[in-house]
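A quick write-up on the structure given underneath.
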Amino acid sequence: MTNLSVCGLSVLLLLTTGVFAQPVQDHYPSGQIRSTGMMLYGHKTGKWLYYYPTGELNAVEHFEQGKLHGEVVYHYRNGQVEGRERWMNGVLNDSAFYFHENGKPYRLGVYRRGMYDGLWQYFYDNGNPDRQVNYENGMPHGAFMQYNREGVVIQQGFYKEGKEHGEWKFFDDEGRITFSGSYENGKRVGEWFQYDRKGNRKRWKY
């Protein structure tokens with residue numbers, strides 16, 4: 001290949017890989033920058049920054065051919081990270097992490113094709129667990145556990161395709177069982193029991 005041909009090929013590659021990308025800024029009515037990034041052939045590309053009306057960084061997003069692609073990071077006004085996500089061709093995928101404003105975890109889990117998948121864990125702002133939910137195709141499916149702010153289990157059971165299904169148990173804030181029974185497709189079935197503070201049970205009419 002001649003030097004002239006190599007030069008022509010290099011120019012062509014440059015023209016098709018970003019030479020025409022232009023910086024863009026959007027502003028609030030006050031004049032404060034709302035967002036800034038690059039546009040290529042009418043589509044967002046690369047890294048984009050978004051700001052609150054008061055100037056603090058709101059979010060950092062990455063684009064490819066106008067679609068979110070790569071890491072997205074959200075921020076609270078105080079600068080603390082609010083969430084981290086991974087996108088692929090405009091769809092949420094892979095692990096995601098969200099935080100309370102004090103920096104402690106709020107929820108974490110995995111997206112598949114934009115939907116919750118597998119175990120998602122939720123937390124109170126004091127760091128204690130709030131609930132644990134298993135998902136399939138974006139709906140609760142499998143074991144479920146709920147806690148109070150002190151970390152005591154207050155509910156446990158199972159979901160099937162988004163509805164309560166199977167045995168469920170309910171507890172008071174000190175961990176003592178209060179009710180138990182079963183669901184089928186979201187409806188109470190069979191015998192249900194109510195418990196006193198000593199653990200004695202009696203049938204409960206629902």
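No lab work stands behind these numbers, since they all come straight from the coordinates. Computed from a predicted structure; not experimentally measured. Note that we place each Cβ from the backbone using ideal geometry, even for glycine, and neighbour counts take in every protein chain shown.
Descriptive notes on the structure:
- Cα centroid separation - segment 134-187 against segment 22-75, whole Å: 41
- Viscosity 1.002 mPa s, 20 °C: Kirkwood-radius Stokes-Einstein D of the chain over Cα pairs, µm²/s: 101
- Length released on extending from K163 to R34, taking residue separation times 0.36 nm less the Cα-Cα span: 42.3 nm
- On the basis of the beta-carbon distance and an R0 of 35 Å, R201 and N128 show a calculated FRET efficiency of 0.75.
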